[in-house]
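Undergrad: Before we start, here is the structure in question, set down as C-alpha cells.
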2 protein chains.
Amino acid sequence: MINYPTGKPGKKTENTFLKNPNLAKSRLGTSFEQALNESNQYYLQHNIAIIHKKPTPVQVVKVDFPSRNKARIVEAYYKIPSTTDYNGIYRGKYIDFEAKSCNAGSFPFAHLFKHQIEHLHNVTNHGGIAFLLIEFINKQEVYLLTVDKLISCYEASLNEGRKSIPYAYFKEHGILIKPSYAPRIPYLTAVDQVFFAK
Amino acid sequence: MINYPTGKPGKKTENTFLKNPNLAKSRLGTSFEQALNESNQYYLQHNIAIIHKKPTPVQVVKVDFPSRNKARIVEAYYKIPSTTDYNGIYRGKYIDFEAKSCNAGSFPFAHLFKHQIEHLHNVTNHGGIAFLLIEFINKQEVYLLTVDKLISCYEASLNEGRKSIPYAYFKEHGILIKPSYAPRIPYLTAVDQVFFAK
C-alpha cells in the first residue's frame, strides 16, 4: 500500500461519495470498466488483440450447496489484487495495464498499490508493454501514461511529499485517447504511437 | 502433491475421495494449484518470468457493510472463466496455459471449456506461447501438451466420439515435467525445450 493521503485529495470527490462511498466509487469505476471491456471485446472479435480483465479477487470463506450441483458463496471478502487488472497479447507482445477513474483534478497515488507499480515496472524490464490508463471523469478524458513517467512521478512524489499526479502532467506527458464509436476507448492506437512508432 | 514425502499418497487420498468426491476433487486441484503458484513465485523472485494465476471469477450478488470500510459478500456464485487460469510473460513472450489435475487413466475433455481451447489456439495465432499442464495424480506425473496436439486430439475426439485423451498419448506426445525442490514444477524447462529450442 502506498502512503494513504492523510490530506484531502479531492474535496468534490468526497462530497459525492459521502452518501455511499462504496457504491458511488464502484459505479464510476464500472462505466469506465464497461467501456474498456467493450473495447477489448471489439479488439478480440476483430482479431487485433487478446486482452481481458482479470476477475476481482475474492477470498471465499463459506459455501453452501442448496442443491447437488449448485454452489452458493455465503461469506467472502474482497482481496487485494496481486497484479493489475488487464493483460494479454498485442502484436505478438505481452501487454499489461491498470485502469483507474478519478473524479478530481489530479490522480491520487492512493488509487494504486505500490506492488502494482512494481509489477508494471517489472513487466517493462521483461520486454512487455506496460502503462496506466486514467479516466478524468469531470473532463471526460482518458490518458495513457507510460510506466517510466509513472515511476518518475512516483519517486518525485516520495521526495516532495506530493500525493497525486496533476491533470496538467497527463496533458503534457500522457497520450490523450479520443473516444470513438467502436472501440469505445481506442487505447491500442495510443499504444501503437508510444510503443511501435519509428 | 507431487513430491509427497511419505511415499504412499495414493491409497490414503483415494479413501478420502470416497466420502466426498467434490471436496476431494477440489482439494486435489488446489494442491496442484499450490505447487504451481509456488513455482510461479520462484520464477518471479528469481526474475525468470512474471506468471500469475488469475483469480477465480465470482458473480457477486449481495454485499453487506458491517462497518464503514469492510465489505462482506453474502451472496455470490462461481462464474465460468472467460479464458485460462495462468498467463504472463517469459523470455519476452506472452505465455498462457490451463492447468488441470485428473485422477483417471485419461484426461477428460469435460475438464475444459470449448472457449478455453479456442482461446489457447488464438494465443498461438497471435504469436504467444500456449499449452496445457496436466497432472495425473495416480501416476504423480505432470505433462505439458502443446495446443496443436490438444486441438488435433480434440478434433479427432469429435469425429470418433472419444471423450478424453489417454494417458499413453501424453506419454508419447507430451513433455514430462520432473518435479524438483524449487521450483516444485519446473514447467518453464519444458517450455524452453518446446518453444525455444534451436
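Undergrad: Any chance you could run the full-extension gain for B:PHE113 through B:GLN34? It's 0.36 nm times the residue separation minus the Cα-Cα distance, nm to one decimal.
TA: That pair, B:PHE113 and B:GLN34, stretches by 26.2 nm at full extension.
Undergrad: Considering only the label points, 7 Å along Cα→Cβ from Cα, what distances in nm to one decimal separate B:VAL61 from the same position in each other copy, shortest first?
TA: 1.9
Undergrad: Which chymotrypsin sites (Phe, Trp or Tyr not before Pro) in region B:119-198 sit in a loop by DSSP (not H, G, I, E or B) and have at most 14 other Cβ atoms within 10 Å of their own Cβ?
TA: B:TYR181, B:PHE196
Undergrad: On to the next question. Please give me, ordered by residue number, the trypsin sites (Lys or Arg not before Pro) of region A:71-148 that lie in loop per DSSP and have at most 15 other Cβ atoms within 10 Å.
TA: Here the trypsin sites (Lys or Arg not before Pro) that fit, given the DSSP loop and packing criteria, are A:LYS79, A:ARG91, A:LYS139.
Undergrad: Using the Cβ atoms and a cut-off under 13 Å, what net charge is assigned to the surroundings of A:GLY128, where Lys and Arg are +1 and Asp and Glu are -1?
TA: So the surrounding residues net to +3.
Undergrad: Given the peptides A:41-47, B:50-56, arrange them by the average over their residues of other C-beta atoms within 10 Å, most packed first.
TA: For the peptides A:41-47, B:50-56, the packing ranking is B:50-56, A:41-47.
Undergrad: Given points 7 Å out from each Cα along the Cα-Cβ axis, report the A:ALA182 to B:PHE196 separation in nanometres with one decimal.
TA: For the pair A:ALA182/B:PHE196, the computed spacing is 4.0 nm.
Undergrad: Still on this structure: What is the sum of charges around B:ASP96, taking Lys and Arg as +1, Asp and Glu as -1, for the other residues whose C-beta is under 11 Å from the C-beta of B:ASP96?
TA: It works out to a net charge of 0.
Undergrad: Quantify how much of the Cα-Cα distance distribution of region A:44-95 extends past 13 Å, in percent.
TA: 70
Undergrad: Which stretch or stretches of region B:157-198 have amide N atoms under 13 Å from the point lying 7 Å from B:GLN41's Cα along the Cα→Cβ direction?
TA: Residues passing the 13 Å test: B:182-185.
Undergrad: Next up: Excluding A:TYR187 itself, calculate the net charge of residues whose Cβ lies under 14 Å from the Cβ of A:TYR187, where each Lys or Arg counts +1 and each Asp or Glu counts -1.
TA: Around A:TYR187, the surrounding residues sum to -3.
Undergrad: Dividing the Cα convex hull volume of region B:61-198 by residue count, how many Å³ per residue is that?
TA: 186
Undergrad: Please report, for B:ILE48, the nm distances (one decimal) from its label point, 7 Å out from Cα along the beta-carbon direction, to the equivalent points in the remaining copies, shortest first.
TA: Reported distances to equivalent positions: 3.7 nm.
Undergrad: I've got another one for you. Volume per residue, Å³, of the convex hull around the alpha-carbon atoms of region A:67-143?
TA: In region A:67-143, the Cα hull volume divided by residue count equals 179 Å³.
Undergrad: Follow-up question, since we're still on this one. Using only the alpha-carbon atoms of region A:121-188, report the extent along each of the three principal axes, biggest first, to the nearest angstrom.
TA: So the extents along the principal axes, rounded to whole Å, are 42, 32, 15.
Undergrad: For a 23 Å ceiling on Cα separation, which of these pairs sit above it: B:LYS114/B:LYS149; A:LYS53/B:LYS198; A:LYS62/A:LYS114?
TA: A:LYS53/B:LYS198; A:LYS62/A:LYS114
Undergrad: Sticking with this structure for a sec: Find every distance from the label point of B:ASN125 to the corresponding label point in the other copies (7 Å from Cα along Cα→Cβ) and write them in nm, one decimal, shortest first.
TA: 3.6
Undergrad: FRET efficiency for B:ALA156 and B:ASN125, Cβ-Cβ distance as r, R0 = 22 Å, nearest 0.05?
TA: 0.60
Since every read-out is calculated from the coordinates, none of them should be taken as a lab result. Note that the structure is predicted; figures quoted are calculated from it, not measured. All Cβ positions, glycine included, derive from the backbone under ideal geometry; neighbour counts span all protein chains shown.
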